[in-house]
Amino acid sequence: MTGPTKSRPDLRDRIEFGFERWGYLVFRFRWLVILATAALTFVLASGMAALRFESSTDRFLDANDPARVTYDDFRRQFVNDDTVVILLSGQEVLSFPFLERLRALHEDLEADVPLVDEVTSLVNARVTRGSGDRLIVEELLEQWPTDQAELALIAARARANPVYTNTLLSEDERFTTITLSLTPSGGESEAEALAGFDDESLSASSEEGLALPPVLMDEDLDRVMTSLFAVVDRHAGPDFPIWVTGNPEITYSLTQTGRASAMRFAGIAALSISFILAIFFRRISGVALPLVVVTLPLLATLGIMGLIELPLTPSTQNIPSFLLAVCIGDSVHILTIFYQRFDGGVDRREAVAQALAHSGLAVVMTSLTTAVGLGSFLFADLTPLAELGIAAPTGVMLALFYSVVLLPALIAVLPLRRRRTSGSGGPRATARLLASLGALASRHPWPVVAGWSIVVAGSIWGASQLQIAHRPLEWFPEGHRTRVSAETANRAFGGYMPLEVVVDTGRENGLHEPEVMNRLERIQRFARQLHVNGIDVGQAISLVDILKETHQALNGNDPASYAVPQDRELIAQELLLFENSGSDDLEELVDSQFRKARVRLIVTYEDGFLYLGLVQAVRAGAQEIAGELASIETTGLVELWLRTFDAMLSSTFKSYSIALLVIAPLMILLIGSVRLGLLSLIPNLAAITMGMALMATLGIHFDMFTMMIGTIVIGIAVDDTIHFMHGFRRRYRETGDAPDAVQDTLLSTGRALFVTSMVLSCGFFVQLFGTLTGTKNVGLITGCTILAALLANLLLSPALVTLAARYEERQSP
């Protein structure tokens with residue numbers, strides 16, 4: 001940083017001169033520029049027709065992630081676990097009136113809900129019994145009872161079957177469930193997928209080559225859930241309450257809520273931005289031009305996402321309102337200088353050229369830092385965040401292109417009238433406020449820095465109290481249908497989250513060994529007794545249950561025979577008899593070679609962070625029980641959640657680190673001073689620390705939503721700092737007077753900083769009108785952090801550059 005000089009123009013001077021020449025060129029060929037950008041926008045925006053939504057849980061992780069690979073292998077081997085759970089309640093579940101209504105609902109679900117492979121309830125629950133020397137596997141209510149005696153017999157069978165407990169029947173018998181297994185459109189039904197189960201020639205190697213079942217796409221999920229809720233609403237009543245839960249239902253609610261909120265956010269953001277621009281510029285063109293220039297790159301960005309098959313996800317569906325707020329700053333800075341020059345009597349052509357010369361380089365620098373900050377998500381371990389790291393920087397750079405290409409051309413053709421102003425291009429109150437802040441910071445820099453140091457120190461302590469959590473249910477407000485249903489499932493059945501344990505004997509027919517089955521039974525008993533971090537295992541189901549049912553049935557239905565046979569040949573024969581009985585339940589729990597068995601644990605829906613202890617306990621305990629007879633592997637939604645949570649933390653560290661490591665040298669390079677470049681980071685880091693402290697104070701957790709705040713703010717907040725530093729350095733080189741340079745910068749560039757920060761904060765505050773608590777938290781904290789960054793740039797930055805100038809003056813000979 002140096003004082004006034006008349007040395008040869010440096011690189012920044014040449015770039016500014018280049019922007020000035022560019023302004024003349026665009027002004028000359030304005031209609032050609034407008035037509036060309038319109039054609040480009042039309043071509044790019046046409047890709048919006050191919051844009052799609054995706055929100056499946058397993059898609060959060062890359063296809064090569066170890067947890068995803070394990071889960072995909074599980075899905076190849078066993079039945080698809082896309083299931084919706086419907087809970088029903090009554091005073092007497094096992095009574096004629098309730099069962100009649102249950103049967104009617106069951107039949108309507110089978111008839112009216114598309115893509116349902118199987119509906120399971122007490123109506124068709126499996127009953128295994130013997131009759132003479134025959135094994136009979138039938139449905140619980142296959143023969144509808146005609147009197148109380150027959151109903152009592154059926155109720156006794158239901159109560160006696162341990163597999164029904166906490167799956168089909170709650171322990172207090174006041175709740176029951178209907179489970180819908182879903183098949184994506186274009187996918188195989190369960191029967192088709194398992195058609196080769198009886199093929200003895202199927203080898204282990206061919207099993208490894210099984211095709212991965214398709215996931216349930218959002219279009220499929222919309223069809224399923226819309227039809228399902230229509231059926232449920234027809235049957236539900238005060239005396240027949242119904243709740244719908246399960247991972248597909250939560251995904252559906254998140255998607256539907258997100259879509260509706262995204263449209264609402266975009267509309268409110270546009271209105272609020274228009275209001276702020278109208279107050280600041282006080283002319284129609286000052287509102288219309290920025291909105292046009294930012295809307296076109298938004299359409300182009302969405303079109304590019306469609307063209308490159310980048311879906312809208314929960315992380316990217318708010319891109320419209322996000323880009324509206326973030327990218328409008330480029331136009332505001334250019335228009336602010338243009339109106340100042342134009343209203344001051346400068347020719348329109350000269351005013352355009354001077355505006356680009358003054359703000360062009362700063363606009364490029366801010367766009368680069370914003371793009372770098374958002375682009376750091378590209379290296380995230382979470383797929384939706386990595387996709388945000390592609391889409392958001394694309395929109396930012398497109399907005400830069402439209403701002404320096406289309407905006408000058410539109411200014412050139414629109415009818416504009418000069419206005420009498422106070423010489424500032426903005427309200428006098430804003431000018432007085434900025435002048436007062438500049439005077440305070442430049443005349444009393446040490447007290448200002450000391451005050452901010454105290455605030456930052458307190459914020460660091462507050463931020464250290466921030467808690468990490470992953471509680472998707474709390475993203476929904478209290479009383480929301482999805483949240484109430486999941487909480488009801490937790491209370492009535494001990495949860496519904498599936499944790500899968502795969503027991504691999506490593507050899508064909510290894511599951512026919514009595515000792516292997518004994519240990520599999522011990523694993524189930526061990527799992528049912530677990531209570532870790534407040535999480536319970538409500539039920540554990542495996543091949544052992546079918547074997548014990550079959551053994552009891554073939555021994556005169558004697559309850560004493562509900563046990564694992566201790567003869568290898570007998571186990572093989574009984575499982576073969578069950579397989580030939582017509583039931584396909586066996587295929588859901590064992591592979592075709594009887595090498596691998598699946599133990600399905602149903603656990604409490606809780607904070608994803610707490611599942612780690614449970615999974616570790618299950619894995620270690622199961623492996624200890626299995627010993628050398630089998631290897632243990634855990635997977636399922638719980639395991640995916642754990643890996644997603646771990647990926648969230650690593651992605652946050654990566655994105656923060658990359659953003660800082662790239663933005664810091666970039667700011668040094670673009671500002672042209674190591675000292676100013678490093679100083680420029682301090683106000684922004686202070687604001688981020690204050691935002692994190694606010695999160696802790698309000699009890700907001702660091703989760704999948706809020707993890708993005710720091711990186712977003714790093715990329716956005718430095719924009720104001722760059723504009724201030726660029727303007728200050730430009731003025732200080734001319735005058736050599738730091739207080740004068742601060743005042744001049746705040747009264748010119750500072751006005752644009754003020755309005756862009758207001759626009760940015762409002763762009764995020766509109767998320768407070770959303771439904772999801774997570775979205776509201778992001779909007780509140782990001783908006784407040786941006787305002788903190790504005791205050792830091794209006795007070796702390798001027799104080800720091802004033803102290804730096806004094807230090808340099810003392811060092812000068």
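Given a 1.4 angstrom probe, what's the average accessible area per residue across the stretch 518-615, in square angstrom?
Accessible area per residue: 38 Å².
Residues in the stretch 465-477 carry Karplus couplings, in order, of 8, 5, 9, 9, 7, 9, 10, x, 4, 6, 5, 8, x Hz; the curve used is 6.51 cos²θ - 1.76 cosθ + 1.60 with θ = phi - 60°, and Gly or Pro positions show x.
Using the Cα gyration tensor of the stretch 96-147, with a ≥ b ≥ c the square roots of its eigenvalues, what is the shape: rounded (a/c below 1.5), prolate (a/b larger than b/c) or oblate (neither)? Working shown, then result.
Details: a/c = 3.77, a/b = 1.52, b/c = 2.48.
Since a/c reaches 1.5 but b/c is at least a/b, the shape of the stretch 96-147 is classed as oblate.
The charge dipole of the chain, taken about its Cα centre with unit charges on the Cβ atoms of Lys, Arg (+1), Asp and Glu (-1) only, comes to about 7340 debye. For a straight C-alpha distance cut-off of 17 angstrom, the aspartates and glutamates reachable from Lys776 (same-chain residues fewer than eight places away being disregarded) are Glu474, Glu478, Asp703. Backbone amide hydrogens, once placed in the peptide plane, bring Val537 within less than 5 Å of Leu530, excluding anything fewer than 5 places away on its chain. Of all stretches in the chain that contain no GluC sites (Glu not before Pro) in a DSSP loop with at most 12 other Cβ atoms within 10 Å, the longest one is 479-813. Counting only protein heavy atoms and a probe of 1.4 Å, the accessible surface of the chain is 58% carbon and sulfur.
When all protein chains stay in place and ligands, DNA and RNA are ignored, the 1.4 Å accessible-area order of Val69, Val116, Val43, largest first, is Val43, Val69, Val116. Other residues with beta-carbon under 13 Å from the beta-carbon of Ile276 carry, at +1 per Lys or Arg and -1 per Asp or Glu, a net charge of +2.
Quick check for you: with a 1.4 Å probe and neighbouring chains kept, what is the accessible area per residue of the stretch 455-514, in Å²?
Working: 2490 Å² over 60 residues.
Accessible surface, normalised per residue, equals 41 Å².
Within the chain, what's the longest run with no trypsin sites (Lys or Arg not before Pro) in a DSSP loop and at most 16 other beta-carbon atoms within 10 Å? Give the range, please. Intermediate values should be presented prior to the final figure.
On the way: sites that count: Lys6, Arg52, Arg174, Arg282, Arg417, Arg418, Arg419, Arg420, Arg507.
Answer from the scan: 508-813.
Distance between the 7 Å Cα→Cβ label points at Asp567 and Ile15: 8.6 nm. Each label was represented as a point 7 Å from its Cα along the Cα-to-Cβ direction; for Arg134 and Glu150 these points are 1.8 nm apart.
How would the stretch 454-525 be classified by its alpha-carbon gyration tensor: rounded, prolate or oblate, with rounded meaning a/c under 1.5 and the a/b versus b/c comparison settling the rest?
Details: a/c = 4.55, a/b = 2.00, b/c = 2.27.
The shape class here is oblate.
Rounded to the nearest 10 degrees, the inclination of helix 247-281 to the longest alpha-carbon principal axis of the chain is 10 degrees. Put a dot 7 Å past the Cα of Asp233, heading toward its Cβ, do the same for Asp584, and the two dots end up 3.2 nm apart.
In the chain, the longest principal axis of the Cα atoms and the axis of helix 481-493 are about 40 degrees apart.
If a/c stays under 1.5 just call it rounded; otherwise compare a/b with b/c (prolate if a/b is bigger, oblate if not). Do that for the chain, with a ≥ b ≥ c from the square roots of the Cα gyration tensor eigenvalues. Mind dumping the intermediate values first?
Numbers: a/c = 2.79, a/b = 2.47, b/c = 1.13.
Prolate shape, in that a/c is at least 1.5 and a/b is the bigger ratio.
Take the alpha carbon atoms of the stretch 451-483, find their center, do the same for the stretch 726-770, and report the distance between the two centers in whole angstrom. If we compute the Cα centre of each part, the gap is 29 Å. For helix 66-77, report the angle its Cα long axis makes with the longest principal axis of the Cα atoms of the chain; keep it between 0 and 90° and round to the nearest 10°. In the chain, helix 66-77 runs at an angle near 40 degrees to the longest axis. Backbone N atoms of the stretch 103-127 closer than 18 Å to the 7 Å Cα→Cβ label point of Arg223 belong to residues 109-119.
For the stretch 510-557 versus the stretch 636-666, the inter-centroid distance based on Cα atoms is 39 Å. Considering only Thr41, Ile136, Thr745, and ranking their Cα positions along the charge dipole of the chain that arises from unit charges at the beta-carbon of Lys, Arg, Asp and Glu, the one farthest toward the positive end is Thr745.
The values are calculated or read from the model by the stated rules, or taken from the named source; none is laboratory data. No experiment lies behind these values; they were computed from the predicted model shown. Glycine gets a Cβ as well: all are built from the backbone with ideal geometry, and neighbour counts include every protein chain shown. Ligands, DNA and RNA are stripped out before the accessible areas are found, and what is left, the full protein with its side chains, is counted by its heavy atoms. Shrake-Rupley method; radii C 1.70, N 1.55, O 1.52, S 1.80 Å.
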